[in-house]
Structure formats: structure tokens, C-alpha cells
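Readers should treat all values here as calculations from the given coordinates under stated rules, not as data from a laboratory. Given the structure is predicted, the values throughout are model-derived calculations rather than measurements. Cβ placement follows ideal geometry from the backbone for every residue including glycine, while neighbour counts extend to all protein chains displayed.
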């Protein structure tokens, strides 16, 4: 298969060239939407998305969570705060809304922040709030995959 055929199978053709629609965790684009009010701006993401259409998404904000907010981790399948308070409903509602955005915008791929309880693609924190990392995925990454979306961890760029 020619490279052009492979590119055209996932990209839209515009004005003689190919442009991808890339949904990206908003924090990676420099939006201050992390739990601590900061961001995870990534030059890799900037370079990778250059010349393409970028769709920022933050499922945690879409779920109604504030900025800043208490850190959350997945504990026994439920997104919870360190004191045991469940924020699972907000995380899952935000994931659902973010998926709607990604689908409505016809994103070709989605680039997500590593280890997040929403966006972790290959690994997440283990739920002990100790910084220990385990294999797993966040609720948004899981929902995207179950809906057939191509998901990329920012650390794999």
C-alpha cells in the first residue's frame, strides 16, 4: 500500500493536502486544567499536530470538576479522592461528554496525557496515592478505545 493510501485512510483531504483532526488532552496544549491548576504543555504535541486541526478536550472539566481540584485515582475501579470520596460519576460523565466532542468533530486520532485517571492510555496511578504506577487506562481512554478510536499516549510520540 502506498503511503498516500495509508494517510488518506485516516486523514481528510483539503486543498490538495492531507490534514488530520487530532483531539488532544487540553493540558498538553497549555490549558491550565490539571487538578493543581497547571498544565502539561508538550512541545512534542505542538510539533506533531502542526498543520493539522486540533481539538482540545478535558474530560474532567467537562464532567463539572473544578480547577484546581483534589487529586483523584482509580481505586477498585472507582475514581476516588484520597479521603475515599467518589468522583466516579463526574469522571464518567466528563468522559462521555468528551467522547461526544471527539465524535462530533470527527477526530482521526486522540493524544492523551499519561497516567491520568481520565486520560491514561497504558498506565495509571495504582489508587494508593503513593505515586506508584500500574498498567491500566483512565476512564476516557477506555471509553475511546471501546468506541473504536485510535488513542496515543503523549509519551509514545
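In what order do 140, 91, 129 fall by count of nearby beta-carbon atoms within 10 Å, going from fewest to most?
129, 91, 140
At a Förster distance of 30 Å, what's the computed FRET efficiency of residue 53 paired with residue 89, Cβ-Cβ distance as r, to 0.05?
So the FRET efficiency works out to roughly 0.45.
Tally the DSSP beta bridges in the chain and give the antiparallel ones as a percent, rounded to 5.
45 percent
If you take the beta carbon distance between residue 156 and residue 129 as r and set R0 to 30 Å, what does 1/(1 + (r/R0)^6) give as a FRET efficiency, to the nearest 0.05?
0.70
Over the Cα atoms of the range 3-156, how large are the radius of gyration and the largest Cα-Cα distance (Dmax), in Å?
For the range 3-156, the Cα-based Rg and Dmax read 15.7, 55 Å.
List residues of the range 104-137, by number, whose backbone nitrogen lies under 11 Å from a label position 7 Å along Cα→C-beta of residue 82.
Those under the cut-off are 129-131.
Expressed as a whole number of Å, what is the distance separating the alpha-carbon centroids of the range 69-95 and the range 99-157?
Centre-to-centre distance over Cα atoms comes out at 15 Å.
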